[in-house]
Amino acid sequence: MTKKELRKLYKEKRKALTAAERSKLDDLLLIQFQQAAIPFIRSLFSYWPMEEQQEPNMHLFTDFMEFRNPELQIAYPRIDRLSETMVAVPAGAETIFEKNSLGIYEPQDTVITEPDSLDMAFVPLLAVDRQGYRVGYGKGYYDRFLADCRTDCLKIGFSYFEPLEQIRDKHEFDVPLNLCITPQSVYVF
C-alpha cells in the first residue's frame, strides 16, 4: 500500500478503538517500553499527543523517562508553517503550551534546542514497516528535523499496531526509526 492509503487506513483503525481499548494499549506500550534496553540519556525530544488523532499517550513515556532521570532535558516541537520547518523547544513544569492550527500543542518559549544535542526522539506515526520506515501525517516535518539530529540519536515510535511488511513508496529523505514499541513487542531496526 502507498503512504496515502496507509494514512487513511490507520486513521480509521485508530478511530475504531474505544477509550478503554486505547487505555489498555497505552498500558501495554508502557510495559514494553519499560522492559526495553533504553540507555541513560540527558536530552529527549517528545511531543504532545493529539487526542483527536487518538495517538498513544506520550505523556506516559515522557514521564517514565523523566522518572528515570530527574535531570532530563525535555524539548517539544514547534512548527513554522511558512518555512515548513520544526524546532525543538525546551519545556518544564512552568512551560505554557498552546494548540496551533494543525491541532498540535506547542511550547510558547523562544529558546531552541539544537537537533544535534538530542539523545533520543519520540516520533509520531500512523504505521511503520519492518525496516523502521513510518507513515506520518504527510507534511515531512519530522523527517526534515531528524535529518539534522546526530546519527546516534535514538529514534523511537509507538504504535498500537504491528509493523507492516513494507511501505511501497518511501522516499530517499525518509528517516527510519531505531525502535518501534507495540503492545506486543519491541522492534529494533
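Quick note: the coordinates plus some simple rules give every number you see, no bench work behind them. No experiment lies behind these values; they were computed from the predicted model shown. We place every Cβ from the backbone using ideal geometry, glycine too, and count neighbours over all the protein chains shown.
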Task: Mean separation of Cα contacts under 8 Å (6+ apart) over length of the chain, as relative contact order % - done: 24 percent
Open item on the list: In the chain, if the dipole is taken from +1 on Lys/Arg beta carbons and -1 on Asp/Glu beta carbons about the Cα centre, which of GLN54, THR151, PRO115 is farthest to the positive end?
Closed with: GLN54
Open item on the list: Can you list residues from other chains, or at least 5 along the same chain, whose modelled amide H is less than 5 Å from the amide H of GLU106?
Closed with: GLU98, LYS99, ASN100
TODO: Enumerate the calculated ³J(HN,Hα) couplings along region 127-144 in order (Karplus 6.51 cos²θ - 1.76 cosθ + 1.60, θ = phi - 60°), each rounded to whole Hz, writing x wherever the residue is Gly or Pro.
DONE: 8, 9, 10, 6, 9, x, 7, 10, 10, x, 8, x, 9, x, 4, 5, 4, 5
Task: For ILE74, distant residues with modelled amide H under 5 Å away - done: LEU44, ALA91
- [ ] Please sort by residue number the GluC sites (Glu not before Pro) in region 30-101 whose DSSP state is loop and whose Cβ has at most 16 other Cβ atoms within 10 Å.
- [x] GLU71, GLU84, GLU94
TODO: Evaluate the distance, in nm, between pseudo-label points positioned 7 Å from the Cα of HIS59 and of GLU162 along their respective Cα→Cβ axes.
DONE: 3.2 nm
- [ ] Find the centroid of the Cα atoms in region 124-189 and in region 27-57, then give the distance between the two in whole Å.
- [x] 14 Å
Open item on the list: Under 5 Å between amide hydrogens, which residues at least 5 positions from LEU154 or on another chain qualify, with H placed 1.01 Å from N in the peptide plane?
Closed with: MET120, ALA121
- [ ] Mind scanning LYS8/LYS170; LYS8/LYS139; LYS15/LYS99; LYS4/LYS24; LYS13/LYS155; LYS139/LYS170 and naming the pairs with a C-alpha gap bigger than 19 Å?
- [x] LYS15/LYS99; LYS4/LYS24; LYS13/LYS155
- [ ] At most 13 other Cβ atoms within 10 Å and a DSSP loop assignment: could you name the chymotrypsin sites (Phe, Trp or Tyr not before Pro) in region 124-178 that fit?
- [x] PHE173
Task: In region 1-98, the chymotrypsin sites (Phe, Trp or Tyr not before Pro) that fall in loop regions by DSSP, at most 16 other Cβ within 10 Å - done: PHE40
